[in-house]
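A quick write-up on the structure given underneath.
The values are calculated or read from the model by the stated rules, or taken from the named source; none is laboratory data. Computed from a predicted model, the values in this text were never measured in an experiment. Backbone-built Cβ (ideal geometry, glycine too); neighbour counts: all protein chains shown.
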Amino acid sequence: MQPHFEYIQDALYCEGVALADIARGAGTPVYVYSAASILDRYHAYDEALVDFPHLICYAVKANSNLGVLRLLVTAGSGFDIVSGGELFRVLKAGGDPGKVVFSGVGKTADEIEYALESGIHGFNSESEPELALIDALASRRGVQARVSLRVNPDVDATTHPYISTGLREHKFGVDIREAEGMYVRARSFGNLLLEGVSCHIGSQLLNTGPLMQAFDKMVSLVERLRAIGVPIKSLDLGGGIGVAYQPGEKMPSIPDFVAQMREKIFGRGLHLMIEPGRSIVGEAGVLLSRVLYRKVNGEKQFVIVDAGMNDLIRPALYQSHHEIIPLRLDGRGTITADIVGPVCESGDFLARDREVADVLPGDFMAVCTAGAYGFVAASNYNSRPRAAEVLVHGDEWRIVRERESLEDLVRGE
C-alpha cells in the first residue's frame with residue numbers, strides 16, 4: 001500500500017479522509033494527492049543533504065498542479081522545468097525563480113527570453129547551437145546566464161525505452177566524448193557562466209547501479225574540465241529513482257541513494273543539484289474511478305469504468321502496471337478481468353487479465369501510484385473533459401483543479 005493510504009474498517013483512506021467521500025463529493029474520475037506523502041519524500045532528500053551544499057529541484061513535468069507546487073514552495077524546494085509553461089506555473093505558485101533550472105532539448109528563443117527576464121538560476125543546455133542562442137539573448141539583455149552542459153554519459157538505464165535518455169542514440173544531451181571540446185569552445189561566449197555539468201539518464205530506475213555508473217563518469221569529467229581550466233562549481237545529477245508500481249517491487253532508499261552520491265563528490269568542492277520528480281509525487285496519488293458496467297464476451301470479463309486512457313495514458317503508452325483496488329472491502333472475492341475505460345480505442349485499458357475485486361456497477365476503484373505522469377499527460381481525446389484534482393491535508397480535502405466542463409472543451413475555437 002502507498003504511504004498515507006490504508007484501509008480503516010474496510011474503507012480506503014488517504015491520510016484522515018475516506019476516499020469514497022471524495023469520490024462522491026468531487027465526482028469521478030478524480031486524482032487525489034496526499035500532502036503528507038509529498039512532503040515526506042521531499043524532506044527525505046533535503047534532510048539527507050542538510051550539511052551539504054545542494055539544491056533540490058523538483059521535476060515539474062511529473063505533476064504540475066499549482067496546489068502541489070505551492071506545497072513544495074513552502075518546503076523550500078527549487079524546480080526543474082522543461083518549458084516556459086512550467087516556469088509560468090512555478091512563478092504562479094510563488095516559486096523562487098532563483099531556484100529554477102531550465103532543462104529540455106528544444107527551448108525556444110521566447111522561452112529563453114522569459115527565463116532570463118524572470119531571473120532563473122540557470123539552464124541545462126543540450127547543444128552548441130543552444131549555447132550560442134542563450135549567449136546572444138543574454139548579451140541583448142546585458143546579463144550573464146549560468147549554464148551547465150547536459151552530458152550524455154552513454155549509460156544504459158535499463159528502463160522502458162521511452163523513458164531512457166542516457167545513450168548516444170537518444171536525443172538528449174551531448175556525447176561525453178565531445179563535452180570537453182564544447183566547454184573549451186564555449187569560452188568565446190562572453191555572456192555565459194559555464195560553471196556546471198549536468199546529466200540525466202532516464203527515470204523509473206529501481207536499481208541505482210546505472211545511476212552510480214553515470215555519476216562516476218560525471219565526476220571524472222569534472223576533474224578533466226578543471227584540469228584544463230574550466231571552473232566547474234556545480235554538478236547536476238538529475239533524477240530517475242523509481243517507485244513501486246506492483247507487488248514485489250521496492251523503491252530504493254532515498255537516504256541510501258543520497259549517501260552514495262555524497263560519497264562520490266565529498267571533498268571536491270561541488271554544489272550538488274538533483275531533480276527528483278516521480279519519487280516525490282508518484283506514490284502520493286491515486287486516480288479514483290466509478291464502475292459503469294460489467295461485461296462478458298465469451299470467456300473474457302470486462303470491468304468498464306469512467307476513467308480512460310485520456311485520464312491516465314501510462315498503461316496504454318508504456319504498458320505500465322498500476323494496482324487497482326476497491327475503495328471498500330466487501331468480501332465478494334475476486335475475478336480476472338480487463339479494466340477498461342470509455343474511450344473508443346482498443347488500447348483504452350487500465351489493466352489486462354488482472355485479478356481484481358469482484359466489483360459491481362456503482363462501486364468505486366482506486367488506480368494506485370498515479371501521482372506522477374498522470375494528470376499532466378491527460379488529454380481531451382473523444383472530447384472528454386479532464387478530471388478534477390484533489391489535495392488531502394490530514395482530515396481535510398480540497399479541490400485544487402476543477403473538473404473541466406463541456407464549455408471548456410470548445411474554449412478558443
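Determine the pairs where a residue that is at positive phi, located within segment 334-356, has a partner that is crowded, with 17+ Cβ neighbours inside 10 Å with Cβ atoms under 7 Å apart, the partner being 6 or more residues away or on another chain.
Asp353/Asp338
When residues of segment 72-98 are filtered for being buried (at least 19 other Cβ atoms within 10 Å of the Cβ) and among the aromatic types (Phe, Trp, Tyr), how many remain?
1
Based on this model, can you work out whether Leu211 counts as within 25 Å of Ala145 (Cβ to Cβ), within 20 Å of the chain's Cα centre (by Cα) and in contact (Cβ under 8 Å) with a residue 24 or more places away in the chain?
No: the conditions fail for Leu211.
Just a yes or no: is a residue in segment 292-307 over 25 Å from Ser383 (Cβ atoms) and in contact (Cβ under 8 Å) with a residue 40 or more places away in the chain?
Yes, the conditions are met somewhere in segment 292-307.
Within segment 326-347, track down each residue that is buried (at least 20 other Cβ atoms within 10 Å of the Cβ) and either assigned to a strand (DSSP E or B) or not aliphatic (A, V, I, L, M) (or both).
Pro326, Ala337, Ile339, Val340, Gly341 - these are the residues of segment 326-347 that are buried (at least 20 other Cβ atoms within 10 Å of the Cβ) and either assigned to a strand (DSSP E or B) or not aliphatic (A, V, I, L, M) (or both).
Kindly evaluate Ile280 against the criterion of being closer than 19 Å to Ser34 by Cα, surrounded by 20 or more Cβ atoms within 10 Å (Cβ to Cβ) and either in the same structural domain as Asn124 (by TED's automatic domain parsing) or at pLDDT 90 or above (or both).
The answer is yes for Ile280.
Just name the residue that is farthest from Phe5 (Cα to Cα) out of those in segment 73-87 that are in contact (Cβ under 8 Å) with a residue 24 or more places away in the chain and not in a strand (DSSP E or B).
Here the residue is Gly84.
State whether one or more residues within segment 220-232 are surrounded by fewer than 13 Cβ atoms within 10 Å (Cβ to Cβ), over 16 Å from Ser198 (Cα atoms), acidic (Asp, Glu) and in the same structural domain as Glu178 (by TED's automatic domain parsing).
No, every residue in segment 220-232 fails to be surrounded by fewer than 13 Cβ atoms within 10 Å (Cβ to Cβ), over 16 Å from Ser198 (Cα atoms), acidic (Asp, Glu) and in the same structural domain as Glu178 (by TED's automatic domain parsing).
So, in segment 74-112, how many residues would count as being of a type in the set (Val, Ile, Thr) and within 16 Å of the chain's Cα centre (by Cα)?
Result for segment 74-112: 5.
Just to be sure, is Arg70 free of Cβ contacts under 8 Å to residues at least 60 places away in the same chain, assigned to a helix (DSSP H, G or I) and in the same structural domain as Pro326 (by TED's automatic domain parsing)?
no
I'm checking my understanding of the structure. Among residues of segment 50-66 that are touching a residue at least 40 places away in the same chain (Cβ under 8 Å) and surrounded by fewer than 19 Cβ atoms within 10 Å (Cβ to Cβ), which one is nearest to Gly122 (Cα to Cα)?
Pro53
Looking only at residues in segment 218-241 that are among the aliphatic types (A, V, I, L, M) and outside any loop (DSSP other than H, G, I, E, B), which one is farthest from Asn124 (Cα to Cα)?
Restricting to residues being among the aliphatic types (A, V, I, L, M) and outside any loop (DSSP other than H, G, I, E, B), the top hit is Ala227.
Within segment 146-156, does at least one residue satisfy the condition of being outside the structural domain of Ala378 (by TED's automatic domain parsing), at pLDDT 95 or above, surrounded by fewer than 23 Cβ atoms within 10 Å (Cβ to Cβ) and more than 30 Å from Leu391 (Cα to Cα)?
Yes, because at least one residue in segment 146-156 is outside the structural domain of Ala378 (by TED's automatic domain parsing), at pLDDT 95 or above, surrounded by fewer than 23 Cβ atoms within 10 Å (Cβ to Cβ) and more than 30 Å from Leu391 (Cα to Cα).
Exactly one condition in (1) more than 20 Å from the chain's Cα centre (by Cα); (2) in a loop (DSSP other than H, G, I, E, B) is not met by Leu194; state its number.
(2)
Looking at segment 229-249, can you tell me whether even one residue there is aliphatic (A, V, I, L, M), touching a residue at least 60 places away in the same chain (Cβ under 8 Å) and under 30 Å from Met182 (Cβ atoms)?
Within segment 229-249, not a single residue is aliphatic (A, V, I, L, M), touching a residue at least 60 places away in the same chain (Cβ under 8 Å) and under 30 Å from Met182 (Cβ atoms).
Residues Val305, Val359: which one is out of contact with any Ser or Thr (no Cβ under 7 Å at 6 or more places or on another chain) and either in the same structural domain as Lys250 (by TED's automatic domain parsing) or over 23 Å from Lys61 (Cβ atoms) (or both)?
Val359
Out of all the residues in segment 363-407, which are farther than 23 Å from Lys61 by Cα and in contact (Cβ under 8 Å) with a residue 12 or more places away in the chain?
Asp363, Phe364, Met365, Asn382, Ser383, Gly394, Asp395, Glu396, Trp397, Ser405, Leu406
Just need a number here: residues in segment 377-392 that are of a type in the set (Val, Ile, Thr) and either touching a Pro at 6+ places or on another chain (Cβ under 7 Å) or within 21 Å of Pro342 (Cβ to Cβ) (or both).
Summing the residues that are of a type in the set (Val, Ile, Thr) and either touching a Pro at 6+ places or on another chain (Cβ under 7 Å) or within 21 Å of Pro342 (Cβ to Cβ) (or both) in segment 377-392 gives 0.
Can you find a residue in segment 376-386 that is on the phi < 0 side of the Ramachandran plot, in contact with a strand residue (DSSP E or B) (Cβ under 7 Å, 6 or more places away or on another chain) and either crowded, with 19+ Cβ neighbours inside 10 Å or not charged (D, E, K, R) (or both)?
Checked against the condition, which is being on the phi < 0 side of the Ramachandran plot, in contact with a strand residue (DSSP E or B) (Cβ under 7 Å, 6 or more places away or on another chain) and either crowded, with 19+ Cβ neighbours inside 10 Å or not charged (D, E, K, R) (or both), segment 376-386 yields no hits at all.
For segment 1-46, give me every one of the strands (runs of 3 or more DSSP E) that falls completely inside it and has 3 or more residues that are in contact (Cβ under 8 Å) with a residue 12 or more places away in the chain.
By residue number, 11-14, 30-34.
Which residue pairs have Cβ atoms closer than 8 Å, lie 6 or more positions apart in sequence or on different chains, and pair a first residue in segment 263-278 that is within 15 Å of Leu72 (Cβ to Cβ) with a second residue that is modelled with pLDDT of 95 or more and assigned to a helix (DSSP H, G or I)?
As it stands, the answer is Ile274/Tyr45; Pro276/Arg41; Pro276/Tyr45; Gly277/Val60; Gly277/Lys61; Gly277/Ala62; Arg278/Ala62, since those pairs meet every condition given.
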